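Below is one structure, written out as structure tokens; comments come after it.
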Amino acid sequence: MKYVEFSINPTTEFKEQAPIYKDILTADLAEIGFESFVEENNIFKAYALEENFEKSTLNFDYLHGKLYEVKPVIEQNWNEEWEKNYPAIVVEDRCIIRADFHEKPAGIEYDLLIVPKMSFGTGHHETTYLMTSFLMDEDVKNKSVLDMGCGTAILAILAHKKEATYVEAIDIDDWAYENTLENCALNGAESIVCKLGDASLLGDVKYDVILANINRNILLADMPAYSDVLNTGGTIFFSGFYETDVPKIEERANEVGFTLIDKKVKNHWTSLKMKKQ
């Protein structure tokens with residue numbers, strides 16, 4: 001699948017109003033189809049599927065006169081880019097997310113190897129950190145786990161390493177699907193069931209734990225489908241949205257039978273743990 005990248009110049013006005021400005025911009029971009037948000041060298045970037053994006057929708061008043069750019073994302077060798085620009089990620093001194101050219105430090109409980117196939121999903125985003133943190137403390141041994149919107153399959157692989165009986169990883173992006181297969185093989189986790197698609201694939205399997213790190217709009221739309229396949233008493237983790245989105249997420253979750261148990265926040269990004277009553 002082809003993506004477009006939105007980026008905005010880090011002007012003095014943008015810097016002075018961050019993070020409030022970024023919160024508003026993230027919410028508005030999510031409304032018009034943007035799925036992933038990162039900040040690199042103080043430049044705010046967002047990504048959307050090319051087929052879901054129309055430049056005319058960027059009609060926000062506060063963008064008038066601002067220096068921003070929208071351009072196609074060029075496929076490239078992310079192994080090379082990642083090696084040049086990104087360190088390994090260590091989550092709470094217990095889990096490391098790394099490529100094979102990074103050394104594994106001593107005392108790490110969970111060692112996750114990935115082939116960095118794309119610019120986002122390599123573990124550097126706050127939501128991946130939060131979900132990894134939650135999953136490290138969740139008992140998934142002998143349980144069935146779904147990683148919905150799996151990206152590089154970091155969470156699915158961690159669930160496998162924590163001895164989940166059955167792990168399924170689903171993503172709508174063909175890059176992510178191919179990368180999931182590679183990363184599962186790299187970690188000796190070939191038993192993970194990998195699928196290319198969206199929530200329409202759900203229905204035949206029931207899960208004890210669901211991990212859904214996607215974006216606010218998709219989560220709101222697909223929550224009934226998640227509820228249908230989560231066992232009663234099961235746990236679901238949500239992320240991919242800002243703390244300001246929590247009331248809307250929680251309201252929708254309550255409608256489909258989920259109750260909030262815990263919340264984690266990192267740089268305004270948020271992850272929620274919920275139970276199906």
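For segment 226-252, which residues satisfy the criterion of being assigned to a helix (DSSP H, G or I) and open to solvent by less than 30 Å² (accessible area, probe 1.4 Å)?
Step one: of segment 226-252, the residues assigned to a helix (DSSP H, G or I) are 226-229, 243-252.
Selection gives Y226, S227, V229, D245, V246, I249.
Name the residue, out of A185, A199, that is surrounded by 18 or more Cβ atoms within 10 Å (Cβ to Cβ) and out of contact with any strand residue (DSSP E or B) (no Cβ under 6 Å at 6 or more places or on another chain). Give the steps one after another, and end with the answer.
On the way: A185 fails: surrounded by 18 or more Cβ atoms within 10 Å (Cβ to Cβ).
The unique qualifying residue is A199.
List the residue pairs whose Cβ atoms are under 8 Å apart, where the first residue sits in segment 199-224 and is assigned to a loop (DSSP other than H, G, I, E, B), the second is among the polar types (S, T, N, Q), and the two are 6 or more positions apart or on different chains.
V205/S144; K206/S144; K206/N231; N215/S36
Which one is nearest to D173 (Cα to Cα), of the residues in segment 52-76 that are among the acidic types (D, E) and surrounded by fewer than 11 Cβ atoms within 10 Å (Cβ to Cβ)?
Restricting attention to segment 52-76, the residues satisfying the condition of being among the acidic types (D, E) are 54, 61, 69, 75.
Of the ones still in play, those that are also surrounded by fewer than 11 Cβ atoms within 10 Å (Cβ to Cβ) are 54, 61.
Details: E54: 19, D61: 32 Å.
Among them, the one singled out is E54.
Kindly indicate the residue of segment 123-168 that is open to solvent by 30 Å² or more (accessible area, probe 1.4 Å) and hydroxyl-bearing (S, T, Y) and also nearest to I97 (Cα to Cα) among those meeting that condition.
The extreme case among them is Y129.
Filter segment 253-269 for residues that are in a helix (DSSP H, G or I) and open to solvent by 30 Å² or more (accessible area, probe 1.4 Å) and give the result. Step through it out loud before you land on a result.
The first filter runs over segment 253-269 and keeps only residues in a helix (DSSP H, G or I), leaving 253-255.
Across segment 253-269, the qualifying residues are N254, E255.
The values are calculated or read from the model by the stated rules, or taken from the named source; none is laboratory data. In this text the structure is predicted, and so the values were computed from the model without any measurement. All Cβ positions, even for glycine, are placed from backbone atoms using ideal geometry, and neighbour counts span all protein chains on display. Keep in mind that these areas ignore ligands, DNA and RNA; they rest on the heavy atoms of the full protein, side chains included. Shrake-Rupley method; radii C 1.70, N 1.55, O 1.52, S 1.80 Å.
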